[in-house]
Amino acid sequence: MRNVATKLALLLGTGLLALAMAAQSTSAGKSDAGKSADTQAEKPAAQASEGSDYVIGADDTLHISVWKETDLTETLPVRPDGKISMPLLGDVVAAGMSPTELGNSIMEKLKKYIADPRVTVVVTAMASRRIFVTGEVTHTGAMPLLPHMTMLQALSAAGFTQFANTKGIYLLRTEGGKQVKLSFNYKEVVKGLHPEANIELKPGDTVVVP
């Protein structure tokens, strides 16, 4: 009987030990999974911050929000000199910065007046990034410059009149203080010829359709 009791005790102890080890393994797995989930949750936030690469320019409109400070939260235009005017701070340079960089700059300046300021900058109107299309087009004048917009895309948005000379289109661009003229033969480019002529446009470019 003693031998049977001893064997039962050993079996019971082994079983309890196995259960304890399994529970510990499961707990460790959950902990590792939680850490992995936390790491994955942090990545999108970092990517979102890095992806904010728009460069603010003159004539843009910015919405600046200061958390819990309604008197400092407002929508402001960027003046031709590249600055905005804010309560407490006066003139603040905005042009040449990304929204994130400007938010950080304002936050640092506000620390003299507010404890732990939190600032968010949103570009509500991108007027600084625009091109101009003129001549024999359906929609003449200023046009928002979309990311990586090309000559073909701009002309497609503008449309041609029946009198357009699509072989004589040209682009006017200012480089180094001088105006440069670049020819663009629409008919050849749409046929797949000279794809290098379908260049990416820059702010301030003027497309002329004679």
Restricting attention to the stretch 168-185, does a residue exist that is of a type in the set (Ser, Thr, Tyr), surrounded by 14 or more Cβ atoms within 10 Å (Cβ to Cβ), touching a residue at least 24 places away in the same chain (Cβ under 8 Å) and more than 29 Å from ASP60 (Cα to Cα)?
no
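What residue, among those in the stretch 76-95 that are in contact (Cβ under 8 Å) with a residue 24 or more places away in the chain and closer than 11 Å to ASP60 by Cβ, is surrounded by the most Cβ atoms within 10 Å (Cβ to Cβ)? Give the derivation first.
Our first condition is that a residue be in contact (Cβ under 8 Å) with a residue 24 or more places away in the chain; within the stretch 76-95, this holds for 78, 82, 88, 94-95.
Applying the additional criterion that residues be closer than 11 Å to ASP60 by Cβ yields 78, 82, 94-95.
Values: VAL78: 23, GLY82: 19, ALA94: 28, ALA95: 19.
The extreme case among them is ALA94.
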Please go through the stretch 161-210 and give me each residue that is closer than 16 Å to THR134 by Cα, within 27 Å of the chain's Cα centre (by Cα) and of a type in the set (A, V, I, L, M), ordered by number.
LEU201, VAL207
Let me confirm something: among THR120, THR134, which residue is more than 16 Å from the chain's Cα centre (by Cα) and surrounded by fewer than 18 Cβ atoms within 10 Å (Cβ to Cβ)?
THR134
Which ranges mark the strands (runs of 3 or more DSSP E) fully within the stretch 55-145 that have 1 or more residues being hydroxyl-bearing (Ser, Thr, Tyr)?
61-66, 74-77, 83-86, 119-125, 130-135
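Rule-based calculations on the coordinates, nothing more; no lab input. Only a predicted model underlies this, so the values are computations on that prediction, with no experimental measurement involved. Please note: Cβ atoms are built from the backbone with ideal geometry, for glycine as well, and neighbour counts cover all protein chains shown.
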